[in-house]
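Coordinate-derived values only; no laboratory data. Just so it is clear, the model here is predicted, and its values are computed rather than measured. Don't worry about glycine lacking a Cβ; one is built from the backbone with ideal geometry, like all the others, and counts go over all protein chains shown.
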Amino acid sequence: MKNRIYFIALVLISSLISSCESEDSTFQNDFQKSSNALLDFKKSTNNSYKYIVTGVTWVGPAWETTIIVSDGKVIQRQFKYTNTQGLRNDIPKEELEWTENRSEIGMHKNIAATALTLDEIYNKAEREWLIKRDKAEIYFETKNNGLISTCGYVENNCQDDCFIGIHIKSIEPLQQKINL
């Protein structure tokens, strides 16, 4: 009888462990597939593309940051609010929408997305956003033709604007070479 109880306990514990492993394995497989899609995308576009990162806060304001990459280097960052409801009234007009080129990139210090290449985003995803955490929910979606659309996490019991990661609305090849 004791052996049977130990056997049943062993089977239950094994199934729990394997179910956790399969979830992690599926997640890793999805990330690897997306990483492979990134390699194909960069090759087909000569590593020249633009992508749009979106952000929103629970009180209303929303924004977009467009990052333009040419030959694997960020050459432009554009920012604009897409919804200003709930935004303070004293924000200067030039902070509501702006463009930075080459040496200016990073000069504006607001909520705009950091100027990263897709390689840097995938690196950050793997090393920071997709790390298994005991008290957080991880999100990973690839709705941009297999490339990252949502990647990050939310700490459990967080109330407002808790997502840490990135939401990419679109990723597309540059139609023509941009010289700035």
Seminar exercise, completed: Per the 1/(1 + (r/R0)^6) rule, R0 = 41 Å and r from the Cβ atoms of N145 and D90, FRET efficiency to 0.05 is 0.50
Exercise. Which residue, chosen from I138, S103, L118, occupies the Cα position most advanced towards the positive end of the dipole of the range 95-144, where the dipole is computed from +1 (Lys, Arg) and -1 (Asp, Glu) charges on Cβ about the Cα centre?
Worked result: I138
Exercise. Using modelled amide H (1.01 Å from N, peptide plane; none on Pro or chain starts), what sits under 5 Å from the amide H of E97, excluding residues fewer than 5 places away?
Worked result: none
Seminar exercise, completed: Karplus ³J(HN,Hα) for the range 106-116 (6.51 cos²θ - 1.76 cosθ + 1.60, θ = phi - 60°; Hz, whole; x = Gly/Pro) runs x, 5, 7, 10, 9, 7, 4, 5, 5, 6, 10
Seminar exercise, completed: Note: K43 to H108 extended length (0.36 nm per residue) minus current alpha-carbon separation gives 20.3 nm
Exercise. If the cut-off is a Cα-Cα distance under 16 Å, which aspartates and glutamates reach K33, setting aside same-chain residues fewer than 8 apart in sequence?
Worked result: E23, D24, D119, E126, E141
Exercise. What ranking, highest mean first, results for peptides 98-109, 48-59, 159-170 when packing means the other Cβ atoms within 10 Å averaged over each residue?
Worked result: 48-59, 159-170, 98-109
Exercise. In this model, which of K42/K73; K73/K143; K42/K124 are farther than 20 Å apart at the alpha-carbon?
Worked result: K73/K143
Problem set entry | Three-way shape call for the range 31-173 based on the alpha-carbon gyration tensor, with the a/c threshold at 1.5 | oblate
For this session: Calculate one ³J(HN,Hα) per residue across the range 47-58 by plugging θ = phi - 60° into the Karplus curve 6.51 cos²θ - 1.76 cosθ + 1.60, and present them in order as whole Hz with x for glycine and proline.
Result: 6, 10, 7, 9, 9, 10, 9, 10, x, 7, 10, 5
Exercise. Given 0.36 nm per residue, what is the gain on full extension from T57 to I164 after removing their alpha carbon distance, in nm?
Worked result: 37.3 nm
